[in-house]
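Encoded as structure tokens, the structure appears first; notes follow it.
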Amino acid sequence: MLNWDAMFATRSSRMRASEIRELLKLLDRPDIISFAGGIPDPALFPDKEFKQAYAEIFDSSAVNSALQYSVSEGYKPLREWLVKQMAALGIPCGLDNVFIVSGSQQGLDYFGKLFLSPNDTALVTWPTYLGALQAFNAYEPAYDQLTPGGNRTPASYREAAAQKGGKVKFAYLSADFSNPTGETVDRDGREKLLKLAEELDIAVIEDAAYQSLRYDGDPIPPILALEIVEKGHINNTRTIYCGSFSKTLAPGLRVGFIVANAPVIRKLVLMKQAADLHSSTINQMAIAEVAERGFDAQVAKIRAAYSHRRNCMLAALERYMPAGTSWTKPEGGMFIWVTLPKGMDGAELLAKSLESAKVAFVPGKAFFADGSGANTFRVSFSCANEKMIDEGISRLGKLIASEIG
């Protein structure tokens, strides 16, 4: 009899199913109002623009290159477009600083492989993006809580890492409208994080998946932009910027990108050569065409839609949530984070909600590296219309009130 568990590497025991991916299956149930999937609304995809881009590729001599093997660094015209975009964000860079990955999730896996030896420490926020924990877990790290703008000393981080048998290797965070909380790190917090990273001599991984989705307030420079001002050139920086077209153009094409100093990019290229050679060439070409012709217009369209839905959900939470609950008020992104009274459990609430209220959300515990946060949950407004939001939050508010009462 085969004993696969004995054959698998020890790291495989740390791989867990994503609660979010499982909950996405509920999107097909017509009786469920789902605020679970933090995914873009497909009705807002630039489908006509992609149809035209792919048609033009197939109707030209470029089709031979589109269907052929390509370089691991990525499609040059797309990287050239990204160089211009980065400059507009205050991140002057060259082609050698831009690398294309098969979705930013692949980039997170590469970071775990590049930086983490078993028992090394990754600094992450409490809570943090669940997909990052899944990517890093395979490399058997320890975790410690990152509090941008907090008062913990570098020595305390070093001592905690040494007690776990390793070293602090990087700090990972989403500074703008983070998944799952929707919160943003202010400029002071970003500058303090850079100072901490300098003193610890670690990398900073800046997950910028939602940076384009700002609805209110003034933009804050990316962490990498702040560091370039301080260091003078991107090749002197320790911040690694991880971006994506999934939230702006189309997630199904799986095109993301990394912007960093050249030595880091060279290492990542070697990893990609060993992993999948290169990301889909034809998808990169289509992304480049659509982005060149109308990225700003597409972003303006989705900002208007998501901003309205966020406002509707915040208003519904204000109307229907009982005393004792609280929630974030994000300036952008796709998520709102709800905190229940202490002693309540988001996973237990979800089970009851699916049974009686017919509303889905994501329990918060999965987003905490230490397994805390049981009395929290995440809701997303990106794929819900005004009627769904009002009805769903109303049902959820009544359920929570009955549990409290």
Task: Subset of the stretch 276-289 that is part of a helix (DSSP H, G or I), in contact (Cβ under 8 Å) with a residue 40 or more places away in the chain and open to solvent by 20 Å² or more (accessible area, probe 1.4 Å) - its residue that is farthest from Ser61 (Cα to Cα) - done: Glu289
Open item on the list: If a residue must be under 22 Å from the mean Cα position of the chain (by Cα), farther than 19 Å from Phe45 by Cα and touching a residue at least 40 places away in the same chain (Cβ under 8 Å), how many such residues does the stretch 290-328 contain?
Closed with: 2
TODO: Residues being over 30 Å from Ala43 (Cβ atoms) and either small (Gly, Ala, Ser) or free of Cβ contacts under 8 Å to residues at least 40 places away in the same chain (or both): count how many of those fall in the stretch 347-358.
DONE: 3
TODO: Among the residues of the stretch 359-405, write down those that are in a strand (DSSP E or B) and either open to solvent by 30 Å² or more (accessible area, probe 1.4 Å) or more than 21 Å from Pro40 (Cα to Cα) (or both).
DONE: Thr376
Open item on the list: Just the residues that are surrounded by fewer than 23 Cβ atoms within 10 Å (Cβ to Cβ) and either among the basic types (Lys, Arg) or farther than 15 Å from Val204 by Cβ (or both), please, taken from the stretch 136-146.
Closed with: Asn137, Ala138, Tyr139, Glu140, Ala142, Tyr143, Gln145
- [ ] Kindly indicate which of Leu226, Leu194 is more than 14 Å from Leu146 (Cα to Cα), open to solvent by 10 Å² or more (accessible area, probe 1.4 Å), outside any loop (DSSP other than H, G, I, E, B) and modelled with pLDDT of 95 or more.
- [x] Leu226
Task: Checklist (1) within 27 Å of Phe245 (Cβ to Cβ); (2) open to solvent by less than 100 Å² (accessible area, probe 1.4 Å); (3) modelled with pLDDT under 95; (4) under 21 Å from the mean Cα position of the chain (by Cα) applied to Leu26, failing item - done: (4)
TODO: Could you tell me which residue of the stretch 29-46 is surrounded by the most Cβ atoms within 10 Å (Cβ to Cβ), considering only residues that are of a type in the set (A, V, I, L, M, F, W, C) and in contact (Cβ under 8 Å) with a residue 40 or more places away in the chain?
DONE: Phe35
Task: Subset of the stretch 98-133 (residues that are of a type outside the set (A, V, I, L, M, F, W, C), more than 28 Å from Thr147 (Cβ to Cβ) and open to solvent by less than 10 Å² (accessible area, probe 1.4 Å)) - done: Gly103
Task: Per-region count, the stretch 197-223, residues surrounded by fewer than 19 Cβ atoms within 10 Å (Cβ to Cβ), closer than 23 Å to Ser246 by Cα and of a type in the set (D, E, K, R) - done: 1
- [ ] Just give me the residues in the stretch 234-260 being over 19 Å from Leu196 (Cβ atoms), touching a residue at least 24 places away in the same chain (Cβ under 8 Å) and either open to solvent by 20 Å² or more (accessible area, probe 1.4 Å) or of a type in the set (Lys, Arg) (or both), in sequence order.
- [x] Asn235, Lys247, Pro251, Leu253, Arg254
Task: Unique residue being under 21 Å from the mean Cα position of the chain (by Cα), within 24 Å of Leu114 (Cα to Cα) and of a type outside the set (S, T, N, Q) when the list is Phe177, Phe136 - done: Phe136
Open item on the list: Considering only the stretch 314-330, I want to know if a residue exists there that is open to solvent by less than 30 Å² (accessible area, probe 1.4 Å) and in a strand (DSSP E or B).
Closed with: no
TODO: Might you let me know whether the stretch 344-356 holds any residue that is within 23 Å of Lys247 (Cβ to Cβ) and open to solvent by 20 Å² or more (accessible area, probe 1.4 Å)?
DONE: no
Open item on the list: Being of a type in the set (S, T, N, Q), at pLDDT 95 or above and buried (at least 24 other Cβ atoms within 10 Å of the Cβ) is the requirement here; does Ser174 meet it?
Closed with: yes
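The values are calculated or read from the model by the stated rules, or taken from the named source; none is laboratory data. All values derive from a computational prediction rather than experimental measurement. Ideal geometry is used to build each Cβ from the backbone, glycine not excepted, and the neighbour counts take in all protein chains shown. Quick note on the areas: whole protein, heavy atoms, side chains included, nothing else; ligands and nucleic acids left out. Shrake-Rupley method; radii C 1.70, N 1.55, O 1.52, S 1.80 Å.
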